[in-house]
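Chemist: Below is one structure. I have some questions about it.
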Amino acid sequence: MSTEQTVNTIASDRFELERADREAMQQECEHFEQPQAACIEALKIVQRRYGWVPDDAIPAVAEALGLPPANVEGVATFYSLIFRQPVGRHVILLCDSSSCFLNDYDTLRAAFEEKLGIGYGQTTEDGRFTLLPVCCLGACDRGPALMIDDDTFGPVRPEDIDELLETYS
Amino acid sequence: MATIYVDGEQYQVNGSHNLLQACLEMGLEIPYFCWHPAMGSVGACRQCAVKQYKDEDDDKGMLVMSCMSPAKDGTRISIADDEAEEFRQSVIEWMMISHPHDCPVCEEGGHCHLQDMTVMTGHDRRRYRFNKRTHRNQDLGPFIGHEMNRCITCYRCVRFYRDYAGGDDLGAFGANDNIYFGRYQDGTLESEFSGNLTEVCPTGVFTDRTHSERYTRKWDMQFGPSVCHQCSVGCNISAGERYGDVRRIENRYHGEVNRYFLCDRGRFGYGYVNRDDRPLRPEGSDGGGTRRELDVDEALDRAGELLRHANGIVGIGSPRASLESNHQLKQLVGDDNFSTGLVGNEQACVERMRSLNESGGLPTPSLRDIERHDAVLVLGEDPIQSAARLGLSIRQAVLGRREELAEERGIPLWNAEAIKTLAQDKRYPLFTAYPQATGLDGIAEQHWNLAPADIARLGFAVAHEIDPNAPAVTELDVSTRESAKLIAEKLLAADRPLLVSGGSLGSVAIIEACGNIARALAKCGKQDAGLSLIRREANSTGVEMLGGQPLEWALDRVIAGEADTLVIVENDLYQRLATETLDAVFAKAPKLIVLDHQRTATLERADLALSSASFAEADGTLVSMEGRGQRFFQVYEPRHMRPETRLHESWRWLHALAAERDSEPVSDITLDAVVRDCAERNATLEGIVDAAPDADFRISGQKLARSPHRYSGRTAMRAHLDVSEPAPTRDPDSALAFSMEGYSGFDRPRPVVPFAWAPGFNSPEAWNKFMDEIGGHLRAGDPGVRLFELANETSNYSAAIPDAFVRGDDWQLTVLPRLFGGEETSSRAAPIIERSAPAHIAVARADAERLGLGNGHWLSLTGQFQALTLPATIDDHLPEGMVSVPAGVDPALINGARVSLSRIQLDEEVSS
Amino acid sequence: MNATIDRLRYRSQLRQPASERHEDSHPLTWRLREDNESIDLAEYQRKNGYVGTQRALTEHSASEVIDIVKEANVRGRGGAGFPAGVKWSLTLQGEDIPRGYLVCNADEMEPGTFKDRMLLEQQPHLLIEGMIIGAYANNSRFGYIFLRDEYRAAAVSITRALNEAREAGWLGKNIAGSGFDFDIALHTGAGRYICGEETALLNSLEGHRANPRDKPPFPGQSGAWGKPTVVNNVETLCNVPGVLQHGADWYQQLSGGRSDDGGTKLYGVSGQVERTGLWELPIGTTGEELMALAGGMQSGHELKAWLPGGGSTGLLLPEHLELPLDFDSIGKAGSRLGTGLLTVISRQQSIVALLRNLEQFFARESCGWCTPCREGLPWTVKVLQALERGEGEPEDIELLQQLGKGLGPGQTFCAHAPGASMPLTSALKYFRDEFEAGVARPHTAVEEA
Ligand SMILES: Cc1cc2nc3c(=O)[nH]c(=O)nc-3n(C[C@H](O)[C@H](O)[C@H](O)COP(=O)(O)O)c2cc1C
Ligand code: SF4
Ligand code: FES
């Protein structure tokens, strides 16, 4: 197990936003009355690029939006899909809510943990997968459900795991 | 007024309040956490639940949060209802789930609202048997300690810090049961008001680090009702002492001045009182440049000698000394030989300010009044640096727009988050003009960065826009005229415009300009407008009212050979004038009698140094910038714990000196006698007699206790000196007793309250028990007397309009006040020193580019003083052709001086 | 793409085939394609799309639209069942009132709920129509679709539809020549169930931490950025175009006398049934009828209890299946209709374990603003875990009861904790013995010896 694994190592000591990201953040402000409203999207922009939101990105995002860093940190630590630890190349979100729970979620979770050798919040040693729980995915008619990156699957049985993970290198 | 029914009883309450406040005001106890009278309700903690009934026939009712429910006419509630009581018990039980239960080692213990509320709800059994959640703490700088595990998540800290005080480096992080209040990373809290966290936090998360070092429980301290000596605002403080040291400063509620909050200089700047280099006994020179401590008698004998043999005596008073001490000095040396101790330029400013306060046509508002103004113009001041607590009030004034909007929508004013959401960034207009950025720019509608002369011109132009009869500014550029028009328009559109200015930039012209605007507004019938003028020191206003000559005059007397003896009271001349200037005076070898509580450079030169009492050991009166005469009282008697000390109020020393000079026996003197004498001899100060009750004031025949009734260890604390406990020291000067014996209740109106305590309320929340209505005035009347009288006749417009600033080959210097490091006594306190930013010379960006300067490059500043070397910092706001340094670097640097700059190469560059 | 991936890939899907869905009886689903793909503008317009909008904007004043929606009695499908027309009539409008916002709540995260997902993915134009009409009625300046981040396919479909609508003049200036200007932006979230609570949603939309806001003032008085704001659920808004197209009476009769409420409802079933899925049925359809469509319990399973509309509704027993699934009937039975998507629980399922799962969800998703929810829920979870392990203490049952009560309506700042309390209190009521079984048997001296 390794939680220290970074997928996109950040080269410079001081975090700097990519120009395109910065512009995208500022453009996002146009949809709203106040720049604070672009905060969540701005963090997602960072996350899309690096896979997660490193601590150093907080003042950078704050600066781009003209907000105090504490505001950005307050938001970045509130929302569950903003990752504040490095994640693997692919993030597996296992739905742990009631309908999936009723359909053998526990077995599926155990199978994933065993297969990947990691628990929730951890990343495989090869930096390929991070395993996390997620709120009801709205796929209850096909539980147990899960997401890998942008894709949703269900019902997933332990015997499907190998083939499922194959496509995510 | 509304009629509400609580547990069957009928009550008349203020219908615009919420039920919690209404009940508390009726003396009905409901526990609460997140509600705060100055910050309103947010309904987060759920501690204040009561049962509410729809009508007379409803016997089922429904739980509601009393803080979130209006005290509407006809409301029926029950506090005692079983279900409500049970729920309130549950709430505190939930809060305590992860609480460390570390009261014995917690610095909040004994004045902890959480403890009080736990007792009030009757929660005394722990049922939770699982692991506690824990947090890591942060280093928040020299003022504030952090222990997040004690947090009950009431959100008061961030609401005060951000919403009320405008700070933005403290936040709420995380979610669910993992909420964290702190900075986004370790570091010093940036707000100038961070100290209030220690009081708004109902538990021990944010504590006073200056107190930690020498911690004492609240119940074990002796308190003095005092007045902050760290600036001219005059906030009321309660200073706590143990073992002869001041241990902490807390807010002392005053309904017109500071109410619930202080600034950090006032709260954390007291360390100079505890310095171990203080002169604790008289000292005299023994010839040959050596000094030794003297007995009092010996010291007085020497003083008598010096005074009797003097060839001309001049007394130098001080704006940081009490009226009484200044007055007694004036009595000693005679009216014609008294100097205020203010340098000439500053005295001119203070004189102008008082004449405007009295004949400028507009009343001088208290801080509470300021918060009700609906447009503000600040000329030549950065109140957050020069009068911080006033700056905080200006912020509330500007945010007052929220309340107007909320009223239009029928949203109750206590519904804090709702009115914040509704108003967004709509504010009352605030305009500032200052050479550099100010702490209020963020909420200003517009701000201008100008040289002092141009600030004055802008002000004169505004007056002219308001009233064409006010002198016009010649050669006014278009943009200044436009600015002036805009300001004039907004001031006229407001019902209660407020003008704020002061002497920080040393510019009489700015004050005159502000005066013209005041007069113009008065002529336009803006009776509810206000004029607030900031002075530099705690008693600048008072010493000027006493009347005297400026400091330079006193020194000139020495140089001219008209005087050979100086009596200097609580004034370090080296903090006011350049060393070279003073050296020229001292070359004349005048005899020096210096009275001070600090070991200053001036005191070191004294032939006779008399150990004065600091505010903590003294009684006296100060006059604040608002013209409020306020009495401060001794916190403790220093000889009780340190019998060898000989600390006396300067006025007491001076009384003895007068007797010695006249070769008479030294008679007793009391505070009341000096106050009366001062009032009788100075018409403007007549009112000070009424600033506080006399020494013979009693409640049921009792004096007022300085110590809580639980004070412990009294018999043991002096055991290292003497196992038999002496009788408590008598206090002949005030109605207070150095003891826990005496009255310390809340129910009998008493005009001096050393510490707030009420049954069940050990925390600062107890103050709410002393008020006519919560957040209102103290029931016994807010202390102090207003001394300014506004004349019916408004004085004439000033035409002393300066020329516009033009940049020359050299630079114009401006010295800017700063909260930390810019004031003499607090700058001697270690935590303030730690908090002060290192001094830099600020240079305008364009100038820096021209000179090829970068941040941290070393600059030498030369002028009519010894060259000074400081690192440069590039400033985006400073007008070209100006440079600025912060106050407290070198008194030789004076506002408006022309200086030269040159870059010098030093090995190491400093990052700014 | 390997075959497993293809087989496992989730697609939202209605159970009813096209042959069973008709324009006059299935306003929410009759247009759906058999291949479950998103319906583009051309197809949507071919299928009488935007007729309701056209009518609303050109034939009615804003207040008339509100009256029609009121008359139709479209009750909010987000869970609380508040009549949309009444909500709209309370939105501040007037000369000195700034124009505000219309926000579509597409944050669907209620455990057991998968209805909005289908509408968002397959029928984006129906939603856009509903939003235009809603905005017109409420004089909203701008609209936001607040979509949960995990609904990636919905984001694609909505983005395309918004572009199509804008190009076709259904969004933008002077819509359909009516003089009405309105546009919509898609906002995607970053997790957190509480964002679905309408006032927390507004804080989240404004880029803050998603703590709810106190009501009053309601969003209609002071919502996003303090402006009058309407928040409606996806399904609620999707009901609106039909009402405007066919009228209030038509909408009323859709329930066919099964309920006082009008219209149809997207009902669903998940859990231990044979055929999970989603159906559009007249509102007031009974649980039995729905269970029949779902093919009953999975073989080897027997019905023990069911949640009528998500994790935040109270458990009901088999006998309650005969009730019409509408707001009032389920309310009277002591639960809530909620989202109307049933979660069905088998005899073999431990109720304590299920409750532990549910309360874990609520504890994790608490925003942390108010004490009972923030501190009470984690404690509840720990007690349930102890009971689940057979390590409970005799006082635990009473403690749970107290916690359930303390988390109830009116006592917490928002309805999140009351939502958590509903399954807990109902479980204690119906299945107390299962909790008691989790209490550790006290060791007796005899046993020790
Ligand atoms: C904790 C919580 C979560 C909620 N989540 C949702 C949600 O995901 N989607 C939704 O439409 N309504 C949700 N609601 C209900 C909304 O607060 C609100 O009532 C609804 O969006 C109003 O729309 P409607 O009147 O059209 O039903 C939630 C409520 C609570 C208390
Ligand atoms: S009940 Fe309280 S803590 Fe829970 S989600 Fe609502 S406001 Fe937040
Ligand atoms: S004081 Fe009322 S909820 Fe906190």
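Chemist: Once every DSSP H run of n ≥ 4 in chain B is given -39500 (n - 2.57) and the sum is divided by its residues, what mean residue ellipticity at 222 nm do you get, rounded to the nearest 500 deg cm²/dmol? Kindly include the intermediate steps, with their values, before the conclusion.
Modeler: Values: 26 runs with 234 residues, N = 912.
That comes out to -7000 deg cm²/dmol.
Chemist: Positive end of the dipole of the protein assembly as shown, charges at C-beta (+1 Lys, Arg; -1 Asp, Glu), about the Cα centre: which of B:TYR180, B:LEU608, B:PRO643 has its Cα farthest in that direction?
Modeler: B:TYR180
Chemist: Now for a separate question. For region B:486-542, what is the charge dipole size about the Cα centre, in debye to the nearest 20, if Lys and Arg each add +1 at the Cβ and Asp and Glu each add -1 at the Cβ? Walk me through the numbers before you get to the answer.
Modeler: Values: 7 positive and 5 negative charges, 11 e Å.
I would put it at about 60 debye.
Chemist: Of the accessible area of region B:765-874, with the probe set at 1.4 angstrom, what percent is carbon plus sulfur?
Modeler: Using a 1.4 Å probe with all protein chains present, region B:765-874 comes out at 48 percent carbon and sulfur.
Chemist: Also: Determine the percent antiparallel among the DSSP beta bridges restricted to chain C, to the nearest 5.
Modeler: Values: 15 of 38 bridges.
Antiparallel: roughly 40 percent of the beta bridges in chain C.
Chemist: Report the accessible area of B:LEU491, computed with a 1.4 Å probe over the heavy atoms of all protein chains in place, in Å² rounded to the nearest 10.
Modeler: For B:LEU491, the solvent-accessible surface is approximately 0 Å².
Chemist: State in Å² the accessible area per residue of region C:234-278; use a 1.4 Å probe, count heavy atoms of protein chains only, and round to the nearest integer.
Modeler: Values: 1140 Å² over 45 residues.
Accessible area per residue: 25 Å².
Chemist: For region B:631-773, state what percent of all Cα-Cα pairs lands in each successive 5 Å bin, counting from 0 Å until the bin that includes the largest distance.
Modeler: 2, 8, 14, 17, 17, 15, 13, 8, 4, 2, 1, 0
Chemist: Separate question: Along the positive direction of the dipole of chain B (beta-carbon charges: Lys, Arg +1; Asp, Glu -1; about the Cα centre), which of B:LEU379, B:SER744, B:GLY854 reaches farthest?
Modeler: Positive-end residue among those listed: B:SER744.
Chemist: Still on this model: Restricting to bridges with both residues inside region A:65-169, how much of the DSSP beta-bridge set is antiparallel, in percent to the nearest 5? Walk me through the numbers on the way to the answer.
Modeler: Working: 8 of 14 bridges.
Among the beta bridges of region A:65-169, antiparallel pairing accounts for roughly 55 percent.
Chemist: Charges on Cβ only, +1 for Lys and Arg, -1 for Asp and Glu, centred on the Cα centroid of region C:321-441; of C:GLN385, C:ALA420, C:VAL352, which one is farthest towards the dipole's positive end?
Modeler: Of C:GLN385, C:ALA420, C:VAL352, it is C:ALA420.
Chemist: Give me the inter-chain shielding for A:126-138: mean count of other chain Cβ atoms within 10 Å, whole number please. All intermediate terms of the calculation are to be shown ahead of the outcome.
Modeler: Details: counts 0, 0, 0, 0, 0, 0, 0, 3, 4, 15, 14, 9, 19.
For peptide A:126-138, the averaged partner shielding equals 5.
Chemist: Using the basic label-point model (7 angstrom from Cα toward the beta carbon), what is the B:ASP809 to C:GLU398 distance in nanometres?
Modeler: Label-label distance for B:ASP809 and C:GLU398, simple model: 9.4 nm.
Chemist: Quick one: among C:TYR136, C:TYR430, C:TYR101, which has the greatest mean-square fluctuation in a GNM of chain C with alpha-carbon springs under 10 angstrom?
Modeler: Of C:TYR136, C:TYR430, C:TYR101, the most mobile in the Gaussian network model is C:TYR430.
Chemist: I need the calculated FRET efficiency for the pair B:ARG409 and B:HIS709, taking r as the beta carbon distance and R₀ as 60 Å, to the nearest 0.05. Show your work: numbers first, answer last.
Modeler: Values: r = 48 Å, r/R0 = 0.81.
Between B:ARG409 and B:HIS709 the formula returns 0.80.
Chemist: Run the dipole for region B:510-625 about the Cα centre, Lys and Arg Cβ at +1, Asp and Glu Cβ at -1, nothing else charged, and hand back the magnitude in debye, nearest 20. Kindly include the intermediate steps, with their values, before the conclusion.
Modeler: Details: 11 positive and 17 negative charges, 105 e Å.
Around 500 debye, computed over region B:510-625.
Chemist: Let me ask something else. What translational D, rounded to a whole number of µm²/s, comes out for region A:1-132 from Stokes-Einstein when the hydrodynamic radius is the Kirkwood one over Cα pairs, at 4 °C and 1.567 mPa s? All intermediate terms of the calculation are to be shown ahead of the outcome.
Modeler: Numbers: Rh = 16.1 Å.
Here the translational diffusion coefficient equals 81 µm²/s.
Chemist: Further question: At a 1.4 Å probe, what is the % contribution of carbon and sulfur to the accessible area of region C:174-275? List each step's numbers first, then the result.
Modeler: On the way: 1070 of 2440 Å².
Here carbon and sulfur together make up 44 percent of the probe-accessible area.
Chemist: Mind checking the per residue accessible area of region C:1-74 for me, 1.4 Å probe, whole number of Å²?
Modeler: Values: 3580 Å² over 74 residues.
Accessible area per residue, region C:1-74: 48 Å².
Chemist: So, by mean Cβ neighbours within 10 angstrom, what's the order for C:252-261, B:315-324, B:374-383 with the highest one leading? Before the final figure, lay out each step's value.
Modeler: On the way: C:252-261: 18.2, B:315-324: 29.8, B:374-383: 26.9.
Taking the mean over residues of other Cβ atoms within 10 Å, the ranking is B:315-324, B:374-383, C:252-261.
Chemist: Averaging sequence separations of C-alpha pairs under 8 Å and six or more residues apart, then dividing by the length of region C:184-307, give the relative contact order as a whole percent. Present the calculation step by step, with values, prior to reporting the outcome.
Modeler: Working: 141 pairs, mean separation 15.1, N = 124.
About 12 percent, as a whole number.
Chemist: So, one more: Can you tell me how much longer the chain between B:TRP553 and B:ASP690 gets when fully stretched, taken as 0.36 nm per residue apart minus their C-alpha distance, in nm with one decimal?
Modeler: On the way: separation 137, 0.36 × 137 = 49.32 nm, distance 3.35 nm.
Contour length minus the Cα-Cα distance gives 46.0 nm.
Chemist: What share of Cα pairs, in percent, lie more than 25 angstrom apart in region B:429-544?
Modeler: Values: 1199 of 6670 pairs.
That fraction is 18 percent.
Chemist: Moving on to the next point. Rounded to the nearest angstrom and ordered from largest down, what semi-axes does the equivalent ellipsoid of chain C get from its C-alpha gyration tensor (root of 5λ)? Intermediate values should be presented prior to the final figure.
Modeler: Numbers: eigenvalues 317, 124, 75 Å².
One finds semi-axes of 40, 25, 19 Å for chain C.
Chemist: Return the value, in Å² to the nearest 100, of accessible area buried between chains C and A (probe 1.4 Å, both sides summed). Don't skip to the answer; put the middle values down first.
Modeler: Numbers: alone 18590 and 9520 Å², together 23430 Å².
So the total buried area for this chain pair works out to about 4700 Å².
Chemist: Counting only protein heavy atoms, what percent of the accessible surface of region B:182-329 is carbon or sulfur at a 1.4 Å probe? Show your work: numbers first, answer last.
Modeler: On the way: 1620 of 3950 Å².
Roughly 41 percent of what the probe reaches on region B:182-329 is carbon or sulfur.
Chemist: Hey, another quick one. Highest mean first, what order results for B:107-114, B:712-719, A:112-119 on Cβ atoms within 10 Å?
Modeler: Working: B:107-114: 22.6, B:712-719: 13.0, A:112-119: 16.2.
Result, highest mean Cβ count within 10 Å first: B:107-114, A:112-119, B:712-719.
Chemist: Something else: Share of antiparallel DSSP beta bridges in the protein assembly as shown, in percent to the nearest 5? Please report the intermediate quantities before stating the final value.
Modeler: Working: 85 of 163 bridges.
Bridges in the protein assembly as shown are about 50 percent antiparallel.
Chemist: So how many Å³ per residue does the convex hull of the Cα atoms of the protein assembly as shown work out to? Mind dumping the intermediate values first?
Modeler: Numbers: hull volume 331.5 nm³, N = 1530.
With only Cα atoms used, the protein assembly as shown gives 217 Å³ per residue.
Chemist: I'd like the residues of region B:127-148 whose 1.4 Å-probe accessible area shrinks by no less than 40 Å² going from the isolated chain to the full set of protein chains.
Modeler: At a threshold of 40 Å² (probe 1.4 Å), the residues of region B:127-148 that become less exposed are B:ARG127, B:TYR128, B:ARG129, B:PHE130.
Chemist: Another question about this same structure. Enter the buried accessible area of the B/C pair, total of both sides, probe 1.4 Å, in Å² rounded to the nearest 100. Could you put the intermediate results ahead of the total?
Modeler: Values: alone 33890 and 18590 Å², together 49010 Å².
When B and C are taken together, about 3500 Å² of accessible area is lost.
Chemist: Can you give the mean number of other chain Cβ atoms that lie within 10 Å of the Cβ atoms in peptide B:419-426?
Modeler: 5
Chemist: Can you give me the long-range amide H partners of B:GLY255? Hydrogens built in the peptide plane at 1.01 Å from N, cutoff under 5 Å, separation of 5 or more residues or another chain.
Modeler: When sequence neighbours closer than 5 places are left aside, the close amide H contacts are B:LEU778.
Chemist: Quick one: 3J(HN,Hα) in Hz for region B:562-574, Karplus 6.51/-1.76/1.60 with θ = phi - 60°, rounded, Gly and Pro as x.
Modeler: Computed from phi, the couplings for region B:562-574 are 8, 8, 10, 9, 10, 10, 10, 10, 6, 8, 9, 4, 5 Hz.
Chemist: Which value, in Å² and to the nearest 10, is the accessible area of B:HIS640 when all protein chains are kept and the probe is 1.4 Å?
Modeler: Taking all protein chains as shown, B:HIS640 has close to 50 Å².
Chemist: Is any residue of region A:42-61 close enough, with backbone N under 18 Å, to a label point placed 7 angstrom from the Cα of A:ALA20 along the Cα-Cβ axis, and if so, which?
Modeler: A:42-52
Chemist: Return the long-range amide H neighbours of B:LEU592 (sequence gap of 5 or more, or a different chain), with a cut-off of under 5 Å between placed amide H atoms.
Modeler: Answer set, sorted by chain and number: B:LEU566, B:ASP607, B:LEU608.
Chemist: Could you give the C-alpha radius of gyration of region B:124-163 expressed as a fraction of 2.2 N^0.38 Å, taking N as the number of residues it contains?
Modeler: Ratio of Cα Rg to 2.2 N^0.38 Å: 1.54.
Chemist: Tell me, in nm to one decimal, what length is gained between B:ASP163 and B:ASP124 on full extension, where the rule is 0.36 nm per residue of separation less the Cα-Cα distance? Spell out each step's value before the answer.
Modeler: Numbers: separation 39, 0.36 × 39 = 14.04 nm, distance 3.48 nm.
Between B:ASP163 and B:ASP124, full extension yields an extra 10.6 nm.
Chemist: About the Cα centre, and with charges only on the beta carbon of Lys, Arg (+1) and Asp, Glu (-1), how big is the dipole of the protein assembly as shown? Nearest 20 debye, please.
Modeler: Details: 153 positive and 223 negative charges, 145 e Å.
Rounded to the nearest 20 debye, it is 700 debye.
Chemist: Per residue of region C:423-434, what does 6.51 cos²θ - 1.76 cosθ + 1.60 with θ = phi - 60° give for ³J(HN,Hα)? Whole Hz please, x for Gly and Pro, Karplus curve as stated.
Modeler: x, 5, 5, 5, 5, 5, 6, 8, 10, 3, 4, 5
Chemist: Another question, if that's okay. Using the eigenvalues of the Cα gyration tensor, what equivalent ellipsoid semi-axes result for region C:3-141 when each is taken as the square root of five times the eigenvalue, whole Å, largest first? Intermediate values should be presented prior to the final figure.
Modeler: Values: eigenvalues 187, 65, 39 Å².
Equivalent ellipsoid semi-axes, largest first: 31, 18, 14 Å.
Chemist: Can you tell me how region B:487-596 classifies by the Cα gyration tensor, rounded, prolate or oblate, using a/c under 1.5 as the rounded cut? Spell out each step's value before the answer.
Modeler: On the way: a/c = 3.56, a/b = 3.17, b/c = 1.12.
It comes out prolate by the Cα gyration axes.
Chemist: Okay, moving on. In peptide C:112-121, how many Cβ atoms from other protein chains are near each Cβ within 10 Å, on average? Walk me through the numbers before you get to the answer.
Modeler: Numbers: counts 10, 5, 10, 2, 1, 6, 2, 0, 1, 0.
What the average comes to for C:112-121 is 4.
Chemist: Could you sort the residues of region C:365-401 by number and keep only those whose accessible area is reduced by 50 Å² or more in the all-protein-chain setting relative to the chain alone, 1.4 Å probe?
Modeler: The answer is C:TRP369, C:THR371, C:ARG374, C:GLU375, C:TRP379, C:LYS382 - residues whose exposure falls by at least 50 Å² when every protein chain is included.
Chemist: Please calculate how many Å² of accessible area chain B carries per residue, with a 1.4 Å probe and no DNA, RNA or ligand atoms counted.
Modeler: Working: 31760 Å² over 912 residues.
With the other protein chains kept in place, chain B gives 35 Å² per residue.
Chemist: Let me ask something additional. Can you run phi through the Karplus equation (6.51, -1.76, 1.60; θ = phi - 60°) for region A:157-169 and list ³J(HN,Hα) in whole Hz, with x for Gly and Pro?
Modeler: Using θ = phi - 60°, the values come out as 10, x, 6, 7, 4, 4, 5, 4, 6, 3, 6, 9, 8 Hz.
Chemist: Related question: Amide H neighbours of B:THR75 under 5 Å, at least 5 residues apart or on other chains, H built in the peptide plane: list them.
Modeler: B:TYR5
Chemist: How would you order B:653-660, B:273-280, B:684-691 from highest to lowest mean count of nearby Cβ atoms within 10 Å? Show your work: numbers first, answer last.
Modeler: Numbers: B:653-660: 23.9, B:273-280: 16.4, B:684-691: 19.8.
Ranked by mean Cβ neighbours within 10 Å, highest first: B:653-660, B:684-691, B:273-280.
Chemist: Now for a separate question. Quick one: Debye curve from the C-alpha atoms of region B:275-383, no solvent, what's log10 I(q)/I(0) at q = 0.15 Å⁻¹?
Modeler: Reported log10 I(q)/I(0), two decimals: -0.91.
The values are calculated or read from the model by the stated rules, or taken from the named source; none is laboratory data. Just so we're clear, the structure is a prediction, and the values are computed from it rather than from any experiment. Every residue, glycine as well, gets a Cβ built from its backbone with ideal geometry; the counts of neighbours run over all protein chains shown. Please note that ligands, DNA and RNA were not included when accessible areas were found on the heavy atoms of the full protein model with its side chains. Shrake-Rupley method; radii C 1.70, N 1.55, O 1.52, S 1.80 Å.
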